[in-house]
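Here's the structure we're looking at; comments come further down.
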């Protein structure tokens, strides 16, 4: 009788997930810092302090939610 052949398989690598999170987080941090710099620079040029009203905060949140929704739809075929 032939002995059964044992084939060892390795679990698929998950390094791509960590790389994606690190790269995405880095890009997000850089974009956020750039946006904060531009906001403060504009307020400085106008001679005002930076003030974001609750209405502007909600508008920004809705726009960011729409952006995230668009990013999530990129993976769909």
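Both radii are taken from the alpha-carbon atoms of the chain; with Rh as the Kirkwood radius, Rg/Rh is 1.36. For the peptides 43-54, 4-15, the ranking by packing is 43-54, 4-15, with the highest mean count of neighbouring Cβ atoms within 10 Å listed first. Extension gain for the segment residue 62 to residue 13, taken as residue separation times 0.36 nm less the Cα-Cα distance, is 14.1 nm to one decimal. In this simple spin-label approximation, residue 27 and residue 51 carry label points 7 Å from Cα along the Cα→Cβ vector, and these lie 3.6 nm apart. Axis angle, to the nearest 10 degrees, between helix 54-73 and the longest C-alpha principal axis of the chain: 30 degrees. In the chain, the longest principal axis of the Cα atoms and the axis of helix 15-45 are about 0 degrees apart.
At R0 = 22 Å, how high is the FRET efficiency between residue 38 and residue 71 if r is their beta carbon distance? Nearest 0.05 is fine.
Values: r = 21 Å, r/R0 = 0.98.
For residue 38 and residue 71, the calculated efficiency is 0.55.
Values in this text are rule-based calculations from the coordinates and carry no lab data. Small disclaimer: the values here were computed from a predicted structure and weren't measured. Neighbour counts are summed over all protein chains in view; Cβ atoms, including those assigned to glycine, are modelled from backbone coordinates with ideal geometry.
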